[in-house]
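The values are calculated or read from the model by the stated rules, or taken from the named source; none is laboratory data. Since we're looking at a predicted model, the values are computed, not measured. Note that we place each Cβ from the backbone using ideal geometry, even for glycine, and neighbour counts take in every protein chain shown. The accessibility values were calculated without ligands, DNA or RNA, using every heavy atom of the protein model including side chains. Shrake-Rupley method; radii C 1.70, N 1.55, O 1.52, S 1.80 Å.
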Amino acid sequence: MVNGDKEVQGLQLPYKYENSLLLYISSHNCEISLLLFVAIWETQNTQAKVQINLRCSFIGSFLMEKYELIKEKNKRGFFEGRSLITSKIVTLKQLVVHPVEGVPASLIKEISLLHELENPNVIRLLEVVNSKHQTTMVLVYERMEMDLKGFMCIYPTVMTSPWTRKVLLRQILNAVSFFHSYNLIHGKIKPENIFVDPDTKVLKVTDFIWPRSILNQDSGDPHEDSTYNYMAPEILIEQKQYTTALDVWSVGCVFAEMVTKTPLFPAKTEFHQLLKIFSIMGTPHEETWPGIDEMHPHSYIYSRSEPKDLRELVPGLEPAGIDLLNIEVSLYDDHETYFAKVFSLALMPNVNNMGIFL
Amino acid sequence: LVKNLETEYSVLDLPLQNHECLTLLIQKESQQFVGFLDYFNKLKNDNLFLVARQQAVDWISKVHAQFNFGPLCAYLSVNYLDRFLAVYELPKDKAWMMQLLAVTCLSLAAKMEETEMPLILDLQAGESRFVFEAKTIQRMELVVLNTLKWRMQSVTPFSFIDSFIGNLNDDDDDHHHDHDDG
């Protein structure tokens, strides 16, 4: 048996390379992908490989009539595909439906709502396709070029321009305020959920379906290193009632990261996240955050620290940007004035003069 | 207190003026109901079909009452049923299809509107000639969702009532502000 290739029922399977494997599966049916999966299981019994191939066989079993698969996009179960009708590139995400409860109520609500909403800075859900036997469904999104994290890595020089940063920030805020105008909280604004077209700088925030209500939850997601980095303190404290302010917090974190290329509050657990936030923004007390003692009776465990100057932490950001950031990541703010302030600052006149918006 | 009221309002306010809102509602309503006229004519001319639909609606209203679902849920179920039948021809010899469709539509509507959702199996409480497995209903759910293009936020008379009430409130506000724009 040569390393890499194995014969399964007379078929030479090129499973050495993930991409070719996917291409292979997309053009064949479920049994073959299953065989392939078994073959790989036998030869390379490593967890990672199996996970990848299990996912492949999912979509492989799918026999989509309208789309062909190109490659796996990231580890969160997103695939790049092409429409066989328009030959446009799309992003695919597969969901498995629970056989007893049926389609989850939250999913029905969210998808039907998304169909009614349209915004240039929100990823559009093109359609939902069912599998042949009506057991799985695939969400078809418009193409997601590159996420903001990747964009910052690949084009570090582009990101140093204040103009680019403003252009991007303005679009993030546009998407977020759009959600908020419909009384929806996104809840998971982070660079991985924001996509940028490197040429046009058009930015699109992914919808709010995928973090929650996705049944084949990828085990990686909740433990991703960056999961907590963009979370507002009120979520970390597990306050019961959330407001739209928590999205603004996340936007602030993303904004700071666009300048410094590293997360503003890097931490790996919920506890450390709060520590980190308090060490920079100052430990909250009744005066700086009314109601904190009641919300978080154990807040005394955090060592007292005074707010630090964001100008030192985010060097290279102009004063107007610092003002904006200060508002976005302030621990407590009456969230009505919050938005008004953020928007009046984000509508910086020199940005609008560039005339490329919306 | 005044400030709070304002807060409420700006958060709940639709990003549209009221008359635009009405136009949009009417527009959406006609978009959602594909093939309404043909369907209406079919109901008028095909007596068997009319009876079958009536039975399905009766069953829905019976079970709906049993579970104490809200009025919007009932409306949505029948709306889904009609919209589905308008674009999808059920085989005439399979009477169970209509029953399956009724269960599915009620299940979907309850999922959209109700906070507490009984198990799909328990939903088949009203006396009916056919009882389906949960798996069958789940598949039918996907068929219906797909056929209706996932547009489950139907425009209903309730949406119009909400809009009219909004209009009334606006008038009240105008009086308080001594006709600012007059």
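Please give the residues of the range B:134-159, grouped as numeric ranges, whose backbone N is less than 19 Å from a label point set 7 Å along the Cα-to-Cβ vector of A:Lys66. Hits in the range B:134-159 for A:Lys66 at 19 Å: B:140-153. Computed from protein heavy atoms with a 1.4 Å probe, the total accessible area buried between A and B is close to 2400 Å². Counting 0.36 nm for each residue step from B:Gln27 to B:Lys42 and taking away their Cα separation leaves a gain of 3.0 nm. Rounded to the nearest whole Hz, the Karplus-based 3J(HN,Hα) values (6.51 cos²θ - 1.76 cosθ + 1.60, θ = phi - 60°) of the range A:167-172 follow the sequence 4, 5, 4, 4, 6, 4, with x at glycine and proline.
3J(HN,Hα) along the range A:230-235, derived from phi through the Karplus expression 6.51 cos²θ - 1.76 cosθ + 1.60 where θ = phi - 60°, amounts to 10, 7, 6, x, 5, 6 Hz, with x in place of Gly and Pro.
Scanning residues 5 or more positions from A:Lys261 or on other chains, none has an amide H under 5 Å from its amide H, with H placed 1.01 Å from N in the peptide plane.
Values of log10 I(q)/I(0) for the range B:23-179 across q = 0.19 Å⁻¹ run -1.22, by the Debye formula with one identical scatterer at each alpha carbon and no solvent.
Here's how it looks for A:Val90: its modeled amide H is under 5 Å from those of A:Gly81, A:Arg82, A:Ser83, which are all 5 or more places away or on a different chain. Proximity of backbone amide H atoms, modeled 1.01 Å from N, is registered between A:Leu125 and no other residue at under 5 Å, excluding neighbours fewer than 5 places apart on the same chain. Shown in residue order for the range B:131-140 are the 3J(HN,Hα) couplings computed by the Karplus curve 6.51 cos²θ - 1.76 cosθ + 1.60 at θ = phi - 60°: 10, 10, 6, 4, 4, 4, 5, 4, 5, 5 Hz (x for Gly and Pro).
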